[in-house]
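The values are calculated or read from the model by the stated rules, or taken from the named source; none is laboratory data. Just so it is clear, the model here is predicted, and its values are computed rather than measured. Methodologically, a virtual Cβ is constructed for each residue, glycine included, from the backbone with ideal geometry; neighbour enumeration extends over all protein chains shown.
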Amino acid sequence: MSFIDFFRSTAPYIHAHRNKSLVLFVTGEALAHANASNLVPDIALLNSLGLRIVLVFGSTPQVAGALAQGGSDNTALWNSQPIDRDRMRTIVEVQSSLRTSIEAQFSLGLVNSPMHNAKVRCISGNFIQAQPLGVINGVDQEYAGRVRNIDHQAINQQLDHRSIVLIPASGYSSTGEIFSLLPHDIAVSTAAALHADKLIILNTAHDINQNPTLRELSIARSELLLAGLTQKSAEATDLSAAIKSCQLGIARCHMLSVDQDGSLLNELFTRDGTGLLVTNEAYDSVRQATINDVAGIMQLLEPLEAQGILVKRSRELLEQEIAHFVVNERDGMIIGCAALYPFGDHTAELACVAVHEHYRHSHRGDHLLKAIETMAKTQGIQQIFVLTTQTAHWFIERGFEASTVSALPDRKKDLYNFQRNSKVFCRHLA
């Protein structure tokens, strides 16, 4: 049953991701990781579930190793030193070898493998038009280039045929030359040109990826975090690319670590994921409730009503009173709610404070309380009161003071249930 429950829980994400465009950038470091062998089956699974996938792959450590093995300088490969003809030849050889290896893995179809009957088609070609960096500070950068144009129409044609498009970190010029490009720039430019729904950057572990308090960042918070990172470090480069993609209109950019096996599936098919999300839209927000939230609020309240913590409310009553509610929505799921009921004389009742059990101890109750206080102040309310049977200390810790039934508004006193014997707490608003 645990498998069945999990599989059912993925259904909303399977529906949400179908026919959506995803640019997946796998760094060369991630390709060299031991868990990289499981990436291809996971990507093939995403393809079978209807995602349109462009796979951009890096090759920095592989090229560095090949240059070192050939006796060439392998330091500062891109944008710091010119890339001469011999280096460019090595880069092309390494990228061609990686591309062939990836295509071979997608062709695997053994009976006892996850790729059995997958029949995934991989397409690569001259989708990236490049131009040379030219002369910088008096030095000709030769075969080091930048992205000039993305042939998004050709890429979309392949995606329409359910093919996975492979793109290495190089591009072709109108003069028939090939240039080495920064893979992060290719990934961001491709995502922007395709108006992709997501950009996912898969690298080895970063501190910011492993920090459980950093699950979701706005562009502004991401820029503050970036300012504190070491320039040109791997995590700074990844975060900078994520910020730029969001600024170019990509709704969500995910930064994942290949160190955790299955991080790609975990990120896409569970609510909390495993990596860092940089977004320019509200992924987790506290807002005014609407009639469409009634079902979610009911699911949230029912366990607490069954335990006697909250008074049972019918769907009809919730629909009538929905304007009194605020909700905490996380990626389409209602995980918290609270309500404010005015009683006249600048007094109102705080009720139905509830947070999903998986998200307690994460200050969401405080966020809901703050939203309720804001709502109260806009209505000219100077005091809020709450009736509770089992959560008295939570309210005391937040500035509520013990009161009595006699201090309640007359209309509330008439409705007071002496069998429940709820305790009364009040709080004056500044």
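So here's what we get for this one:
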{"item": "Positions within the range 244-271 being in a loop (DSSP other than H, G, I, E, B) and not β-branched (Val, Ile, Thr), in sequence order", "result": "Leu248, Gly249, Ala251, Asp259, Gln260, Asp261, Gly262, Arg271"}
{"item": "Qualifying residue in the range 151-160 (condition: in contact with a Phe, Trp or Tyr (Cβ under 7 Å, 6 or more places away or on another chain) and small (Gly, Ala, Ser))", "result": "yes"}
{"item": "Tally, over the range 131-151, of residues that are at pLDDT 95 or above and surrounded by 19 or more Cβ atoms within 10 Å (Cβ to Cβ)", "result": "2"}
{"item": "Members of the range 148-157 that are farther than 10 Å from Val54 by Cα and among the polar types (S, T, N, Q)", "result": "Asn149, Gln153, Gln157"}
{"item": "Check on Gly176, assigned by TED's automatic domain parsing to the domain that holds His254 and assigned to a strand (DSSP E or B)", "result": "no"}
{"item": "Condition check for Ile200: buried (at least 22 other Cβ atoms within 10 Å of the Cβ), under 25 Å from Leu31 (Cα atoms) and touching a strand residue (DSSP E or B) at 6+ places or on another chain (Cβ under 8 Å)", "result": "yes"}
{"item": "Unmet requirement for Val56, which otherwise passes all of (1) part of a helix (DSSP H, G or I); (2) within 26 Å of Gly134 (Cα to Cα); (3) touching a helix residue (DSSP H, G or I) at 6+ places or on another chain (Cβ under 6 Å)", "result": "(1)"}
{"item": "Filter result for Val327 (in contact with an Asp or Glu (Cβ under 6 Å, 6 or more places away or on another chain), closer than 18 Å to Thr290 by Cα and buried (at least 17 other Cβ atoms within 10 Å of the Cβ))", "result": "yes"}
{"item": "Unmet criterion (only one of (1) part of a loop (DSSP other than H, G, I, E, B); (2) touching a residue at least 40 places away in the same chain (Cβ under 8 Å); (3) over 23 Å from Thr100 (Cα atoms)) for Gln231", "result": "(2)"}
{"item": "Matching entry among Arg87, Arg8 (being buried (at least 21 other Cβ atoms within 10 Å of the Cβ) and either outside any helix (DSSP H, G or I) or modelled with pLDDT under 95 (or both))", "result": "Arg87"}
{"item": "For Phe25: the one exception among (1) outside any helix (DSSP H, G or I); (2) surrounded by fewer than 13 Cβ atoms within 10 Å (Cβ to Cβ)", "result": "(2)"}
{"item": "Matching entry among Val40, Val94, Val54 (being closer than 22 Å to Phe269 by Cα, of a type outside the set (Gly, Ala, Ser) and at pLDDT 95 or above)", "result": "Val54"}
{"item": "Any hit, the range 118-125, residues being closer than 21 Å to Arg87 by Cβ and either of a type in the set (Asp, Glu) or in a loop (DSSP other than H, G, I, E, B) (or both)", "result": "no"}
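Matching residues to (1) surrounded by fewer than 18 Cβ atoms within 10 Å (Cβ to Cβ); (2) hydrophobic (A, V, I, L, M, F, W, C):
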site	(1), (2)
Gly365	no, no
Ala371	no, yes
Gln379	yes, no
Gln382	yes, no
Phe385	no, yes
Ala392	yes, yes
Ser403	yes, no
Asp410	yes, no
